[in-house]
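Participant: This is the structure, below, for whatever I ask next.
Please treat every number below as a calculation from the coordinates, not as lab data. This is a predicted model, so every value here is computed, not measured. Cβ coordinates were reconstructed from backbone atoms using ideal geometry, including for glycine residues, and neighbour counts include every protein chain displayed.
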Amino acid sequence: MRDALFSFFGSGAPVAMAAAVVALVASVVFLRTRNFLYDALALAATKTGFALLAAALAAGVLWSRAAGGVWWAWDTRLTTALVCGLVYAAYLMLRRAIEEPTERATSAAVVSVLAFLDAPLAAIAIAWWRARRTLPPEGGPPPGWGTLASGNALAMLLAGAALTVILLRREERRRAQDAERRAALTL
Amino acid sequence: MGYFRQVAVVAFKDLRAELRTKEAINASLAFSIVILLLFSFAFDPSEDTMREISGGLLWIVFAFAGTLMLNRSFAREVPNDCLDALIAAPLPASALFLGKCLANYVLVLAVELVSLPVFGVFYNVHWAKQFPELLLVLLLGTWALTVIGTIFSALTVNIKLREVMLPMLTYPILIPALMSAMQLTTALVSGTAIGADNVDSLKMLIGFDIVFTAVSLVLVETVLVG
């Protein structure tokens with residue numbers, strides 16, 4: 001059980017990271033081409049990554065409880081995942097706060113770039129901070145978790161890709177509806 | 001007009017406007033003193049515990065008071081369409097951004113340098129044992145706060161929920177810089193110089209400043225002009 005929980009976290013978090021890379025690339029391409037398809041892709045990838053990260057974090061907390069007896073032991077990996085989750089939550093909230101589509105897409109793309117650059121710095125800072133604190137040692141990954149996790153990661157990757165495509169189509173449909181509504185209003 | 005001249009013009013314009021109206025700096029100062037006061041009511045700490053939490057307390061105060069100031073940075077230009085005029089003015093967006101950054105930097109630093117002695121008096125802490133190094137940490141940490149705060153201030157200027165969104169965006173991104181600044185400040189207020197065990201925090205602060213200053217200067221044109 002413990003191994004399964006850890007491998008769920010250990011495979012979910014890297015796939016969330018891959019989603020963040022997709023979101024970054026899509027955001028940069030949007031800023032260069034102003035093609036709203038890439039904005040929708042950035043949004044879909046960020047939402048997918050956020051969902052995977054939330055699931056991975058939940059598994060990580062359960063693993064921490066099962067392995068060390070505490071829900072939250074300021075584990076470097078879990079803390080980094082939480083900080084990344086907060087940064088991407090800010091991205092999603094900003095999108096909700098802006099009405100105008102072009103402004104929303106541009107601002108969101110800028111935040112996406114800044115958020116992506118922040119993640120490695122946060123990971124390093126948290127690792128250094130963790131090393132200085134007198135906290136109980138971190139539970140290491142269980143032996144043989146790699147095979148379990150890599151199969152898991154493949155499944156997660158496929159699920160993530162499917163989710164991204166669904167969200168992308170939904171976003172495009174919404175955009176088309178929005179365009180029609182605007183056209184109707186100007187008539 | 002050369003680039004740095006343009007930066008200076010914007011910075012002095014902002015400083016002059018702020019010193020005449022004092023709308024943000026008064027609020028920011030009053031706010032930081034109130035937080036310092038509230039903390040001492042809440043914890044009643046001894047001198048030793050105070051030193052241990054000094055970095056965290058001070059930087060939370062600075063970050064809160066800072067966003068109060070940064071919120072006004074671009075919002076001040078909205079009435080009378082001043083922002084449109086500034087964007088249309090013959091100066092690059094990065095010069096406008098850098099000028100606003102410098103003005104905010106001076107103002108936030110001023111609030112910090114007033115809060116520090118107040119902190120020392122309220123909590124009975126000799127905070128100035130390592131003053132030059134503490135000043136260096138203040139300068140680096142405040143620059144991180146100002147750069148991130150100013151770019152997000154530009155980004156959120158047209159949003160209805162501006163006052164809510166700015167801290168929501170700023171604090172998570174600032175975590176690496178704030179962590180390092182807090183750690184260094186705690187050590188320096190306790191009287192230990194920066195040594196082998198915490199020089200990495202200083203590197204993190206410098207790296208954060210460089211990375212985000214560079215990226216903000218590149219992206220600000222997109223943020224302001226669209």
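Participant: So, restricting to helices (runs of 4 or more DSSP H) that lie completely within segment B:1-115, which ones have at least 3 residues that are in contact with a Pro (Cβ under 9 Å, 6 or more places away or on another chain)? Break it down into steps so the answer makes sense when it comes.
Facilitator: Values: elements: B:3-21, B:23-43, B:47-75, B:82-88.
Filter on segment B:1-115 gives B:47-75.
Participant: Among the numbered criteria (1) in a helix (DSSP H, G or I); (2) of a type in the set (D, E, K, R); (3) farther than 16 Å from A:Lys47 by Cα; (4) within 14 Å of chain B (Cβ to nearest Cβ), which single criterion is violated by A:Asp178?
Facilitator: (4)
Participant: Looking at B:Ile194, is it more than 9 Å from every other protein chain (Cβ to nearest Cβ), out of contact with any strand residue (DSSP E or B) (no Cβ under 8 Å at 6 or more places or on another chain), surrounded by fewer than 19 Cβ atoms within 10 Å (Cβ to Cβ) and under 15 Å from B:Ile148 (Cα atoms)? Write out each step before concluding.
Facilitator: Values: more than 9 Å from every other protein chain (Cβ to nearest Cβ): yes; out of contact with any strand residue (DSSP E or B) (no Cβ under 8 Å at 6 or more places or on another chain): yes; surrounded by fewer than 19 Cβ atoms within 10 Å (Cβ to Cβ): yes; under 15 Å from B:Ile148 (Cα atoms): no.
The answer is no for B:Ile194.
Participant: If you scan segment A:104-122, which residues turn out to be within 7 Å of chain B (Cβ to nearest Cβ), closer than 24 Å to B:Lys160 by Cβ and not hydrophobic (A, V, I, L, M, F, W, C)?
Facilitator: Correct list: A:Thr106, A:Ser107.
Participant: From A:Gly12, A:Gly68, A:Gly49, grab the single residue that is away from chain B (no Cβ under 14 Å), farther than 25 Å from A:Arg173 by Cα and surrounded by 20 or more Cβ atoms within 10 Å (Cβ to Cβ).
Facilitator: Numbers: A:Gly68 fails: surrounded by 20 or more Cβ atoms within 10 Å (Cβ to Cβ); A:Gly49 fails: farther than 25 Å from A:Arg173 by Cα.
The unique qualifying residue is A:Gly12.
Participant: Something else about it: Under the condition of being within 10 Å of chain A (Cβ to nearest Cβ), crowded, with 21+ Cβ neighbours inside 10 Å and not hydroxyl-bearing (Ser, Thr, Tyr), which residue from segment B:149-164 is farthest from A:Glu100 (Cα to Cα)?
Facilitator: Per the stated criteria, the residue is B:Ile151.
Participant: Something else now. Could you count how many residues in segment A:58-88 are touching a Pro at 6+ places or on another chain (Cβ under 8 Å) and within 23 Å of A:Thr48 (Cα to Cα)?
Facilitator: The number of residues fulfilling the criteria is 3.
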